[in-house]
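Presented below is the structure to which this report refers.
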């Protein structure tokens, strides 16, 4: 069987690249396609030396730094890939990869990280954050996103099988595309985040400091609970808000960006991991569980699939200081076994993902 893997674009090793890494391990002889490839040499190891066939966007002016400016051309770009010689096409899509063209006798399975959030339900939030609510640029962006929505919905009919990375994304697919998707959780490196039963007396949040992560909410909540210690790891544009929320709180330590080894250590030793974002899935949630660390998380999005309330953590119903404080109080009255958290995390291992994607893609599940 001849296999093609279609990835969105290659820029850095992040969540969707973890999926690509596992796809390559399942089908090591597959050919790899991407809209563009600007992955630095230092991060290319996960590609196992595999060459990448790119589209015309690779050669457009300024694409190396600003390829997202060519979003409007990406549907055309993926449709130019000639995949007619392949028996199986597996796409990993959060924008346009699922729109490749296949014919009768070919099986196309698309692993969907999400429909284009910024073109659908998060359009208005995106326009506000980008300061594009008014003016000529704003009008052009609204027109472009409208065109992308039309193409996104039409191209959603092209895959034979849709896989969603969480129940939350399956519901988003149902809402945006009116199609059903099978849930297959993304791969998490549960071997690196190992169990530690003995815990220190602090809570942790490790996150990029961007608005939707709501790290400042966690800081504000713990600032009002001086008897409980909080460690904050990460950096980003929302850091000033986080520092302001934690100002004067002697129980909050902001460490900023930490190494991967330090991240594993603070997660393993924490009394609990706190997360306030509405995530599509939430790999950090599983990583904490793999360490035997309970999770206190906002009860929407991927956390609902991961955390087992009362057994491996606590969910809170709204993104507010009081709701989070109430969840922390409930947690402190519980006794959660680290071993139960670790066992829960095994559902999301890389091996489980590889077995699942192979069975679903090759039509044996």
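Side notes on the structure shown:
- Considering residues of segment 92-105 that are within 17 Å of residue 176 (Cβ to Cβ) and touching a helix residue (DSSP H, G or I) at 6+ places or on another chain (Cβ under 7 Å) only, the residue surrounded by the most Cβ atoms within 10 Å (Cβ to Cβ): 97
- Selection within segment 270-290 - modelled with pLDDT of 95 or more and part of a strand (DSSP E or B): 272, 273, 274, 275
- Number of positions in segment 175-195 that are more than 19 Å from residue 307 (Cβ to Cβ) and out of contact with any strand residue (DSSP E or B) (no Cβ under 9 Å at 6 or more places or on another chain): 5
- Scanning segment 255-270 for residues that are farther than 16 Å from residue 189 by Cβ and surrounded by 17 or more Cβ atoms within 10 Å (Cβ to Cβ) yields 266, 269, 270.
- Taking the numbered list (1) modelled with pLDDT of 95 or more; (2) surrounded by fewer than 18 Cβ atoms within 10 Å (Cβ to Cβ); (3) touching a strand residue (DSSP E or B) at 6+ places or on another chain (Cβ under 8 Å) in turn, residue 362 passes all entries but (1).
- Residues considered: 168, 185. Of these, the only one that is surrounded by 15 or more Cβ atoms within 10 Å (Cβ to Cβ) and part of a loop (DSSP other than H, G, I, E, B) is 185.
- The listed residues are 267, 293, and the only one of them that is in contact with a strand residue (DSSP E or B) (Cβ under 9 Å, 6 or more places away or on another chain), assigned to a loop (DSSP other than H, G, I, E, B) and modelled with pLDDT of 95 or more turns out to be 293.
- Residue check for residue 139: farther than 16 Å from residue 175 by Cβ and either at pLDDT 85 or above or not in a loop (DSSP other than H, G, I, E, B) (or both): yes
- Looking only at residues in segment 324-339 that are surrounded by fewer than 17 Cβ atoms within 10 Å (Cβ to Cβ) and part of a helix (DSSP H, G or I), the one that is nearest to the chain's Cα centre (by Cα) is 339.
- Which numbered condition residue 15 fails, given (1) more than 20 Å from residue 154 (Cβ to Cβ); (2) surrounded by fewer than 20 Cβ atoms within 10 Å (Cβ to Cβ); (3) out of contact with any helix residue (DSSP H, G or I) (no Cβ under 9 Å at 6 or more places or on another chain); (4) touching a residue at least 12 places away in the same chain (Cβ under 8 Å): (3)
- Among (1) surrounded by fewer than 13 Cβ atoms within 10 Å (Cβ to Cβ); (2) touching a residue at least 40 places away in the same chain (Cβ under 8 Å), the one test that residue 150 misses: (2)
- Residue match in segment 53-69 (condition: surrounded by 15 or more Cβ atoms within 10 Å (Cβ to Cβ), in a helix (DSSP H, G or I), in contact (Cβ under 8 Å) with a residue 60 or more places away in the chain and in the same structural domain as residue 357 (by TED's automatic domain parsing)): no
- Failed criterion for residue 363 (all others in (1) more than 30 Å from residue 4 (Cα to Cα); (2) more than 24 Å from the chain's Cα centre (by Cα); (3) part of a loop (DSSP other than H, G, I, E, B) hold): (1)
The values are calculated or read from the model by the stated rules, or taken from the named source; none is laboratory data. The structure presented is a predicted model; accordingly, all values stated were derived computationally and were not measured. Positions of Cβ are backbone-derived with ideal geometry, glycine not excepted, and every protein chain shown enters the neighbour counts.
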